[in-house]
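Worksheet for the structure shown next.
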Amino acid sequence: MPTDIDVVLELIGFGWTQLLMFLGSALTIIYIVNEIMGISIVAISIACEFNLTHTELFLLTSAGFLGMILSSHYAGYKSDQIGRPMPLFYCFLFFRFLAGLFLSGINANAITYVMEYTKIKYRPTMANMFTYAVVISSILVPLLAHLFDPLHSVLWSMGSFHVRVWRLCMLLNLIPGILSLIAFWALPESAKFMLSKGNAEGAYKTLNRLCRYNRRQSLESLGVTSVTQPNAQVPVEKQSNFFHRLWFETLPLLRPPYGKPLLIITCIICGYFFVGNGFALWFVKIRYLLSDNERIMCDHLKDVDTTPSESTCTNKPINYTEGIFLGISALGSCVWISILLLCLSRRRIMFINSVISAIGGLSLNLVRHQIVQLVAMVVFISMCTSTITLASSVIADMVPTYLRGKAISLAFMFARIAVIIANSLIGHFLYDYCLITFNLFVLVVIVVAILTLFLHL
């Protein structure tokens, strides 16, 4: 009699292969965060080289997200089909867009892949472990910038083209991606994905190999002769048109029993991205613009010249240690979540973190001391960013294997749209309408806290 694959995973346990899966996926997450979010750390130096306006700086930080949005749902759809594992400035902008275009599938698949080899009861913990990968990137990127500062200094020149230090920093950001590529080359396909495609024999062979690595014995010796999984993919009529096929295979996510809970968790993830990633993109820039006078944050920012032709570059030195502090704060948030997971459900943790973030945001309307402002700002951001992967794990438990890639990619697609909206709001309105714009972000966190109460986990 076939054995449920989740029962088989319980028998196999956690071993070196799953550790390699996690490390490979974690390196992938580090690379993606380095590539997409790391641009915000070197953005001021780039702005100085290209003499960028605030609008052009917004385009630069949004290009990667826009590329990920356009390819996100298609990448999720394909992962459920084939498996998991100035002229110069605008050329640079175009390649930033291309980077995002090809990164979206990697992002969704890395989390999905490891979750499908993780026991159900350990999925929240494993999801939180991925947050540590995000934290490593959040510390590593500003640390590199601090070590190589000043980033605008020239390494070498080729005619009128100058290769500056910030380009070296972006090149170093590629290293985790190269290492993850090597790791995934040696890893097996998802057994759950193979079962969803009717390849029970291939799934059994993969799990049997995993069992031999972990327990030094075969599945047959444990009484398992074949594997199965509930909620296997229902055969559907083949659609000739690609867009019809994409819509037809996405439609189950919009219907009961998945539609309503998926909508709620997608809105929550969008809120975390809107505040956490959206504000994090401008963290270094905002801190750079604050003066030494003891005023609330918005009083500092209203003095910024936002005329369209005004360059964002000044001679003021950049303090990258505050970016490192933001990363360390996120590390503290991860440890906090790890402790809470021992005794609380994901829903309660998400609610608590959202409330703490909202308190940090509201306090920025009152506090005047620079250090207190810094602490309030990092709490406001890090409590949201550190909860994203925990919220993503809810989707992994919510939908069956054959819909999982599409569900996570769809949620992340809307979340990235939220980042671009947040990026646009900050870039265009934070300086002139600071109190209204900033408190809109605080309101979003409060709404997210309320939405978590409607989750049934």
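Things to note:
- Hits among aspartates and glutamates - C-alpha to C-alpha of LYS205 under 14 Å, sequence gap 8 or more where chains match: GLU189, GLU220
- The chain, accessible area per residue, ligands and nucleic acids excluded (1.4 Å, Å²): 43
- Cα shape, the range 331-413, gyration tensor, a/c 1.5 rule: prolate
- Here the average projected area of the convex hull drawn through the C-alpha atoms of the chain stands at 23.1 nm².
- Per-residue packing, averaged as other Cβ atoms within 10 Å, sorts the ranges 252-264, 112-124 into the order 112-124, 252-264, beginning with the highest.
- Environment charge at VAL394 (Cβ cut-off 11 Å; Lys +1, Arg +1, Asp -1, Glu -1): +2
- Ordering of 46-56, 358-368 by packing is 46-56, 358-368, highest average first (other Cβ atoms within 10 Å, averaged per residue).
- Rule-of-thumb Rg ratio for the range 155-229 [Cα; 2.2 N^0.38 Å; N residues]: 1.98
- Percent accessible area from carbon and sulfur atoms, the chain, protein chains only, probe 1.4 Å: 68
- Kirkwood hydrodynamic radius over Cα pairs of the range 374-457, then Stokes diffusion coefficient at 4 °C and 1.567 mPa s, in µm²/s: 88
- Per-residue [θ]222 nm for the chain (sum of -39500 (n - 2.57) over DSSP H runs n ≥ 4, rounded to 500): -22500 deg cm²/dmol
The values are calculated or read from the model by the stated rules, or taken from the named source; none is laboratory data. Please read these numbers as outputs of a predicted model, since none were measured by experiment. Counting neighbours? That spans all protein chains shown, and the Cβs are built from the backbone with ideal geometry, glycine included. All accessible areas refer to the heavy atoms of the entire protein, side chains included, with ligands and DNA or RNA removed. Shrake-Rupley method; radii C 1.70, N 1.55, O 1.52, S 1.80 Å.
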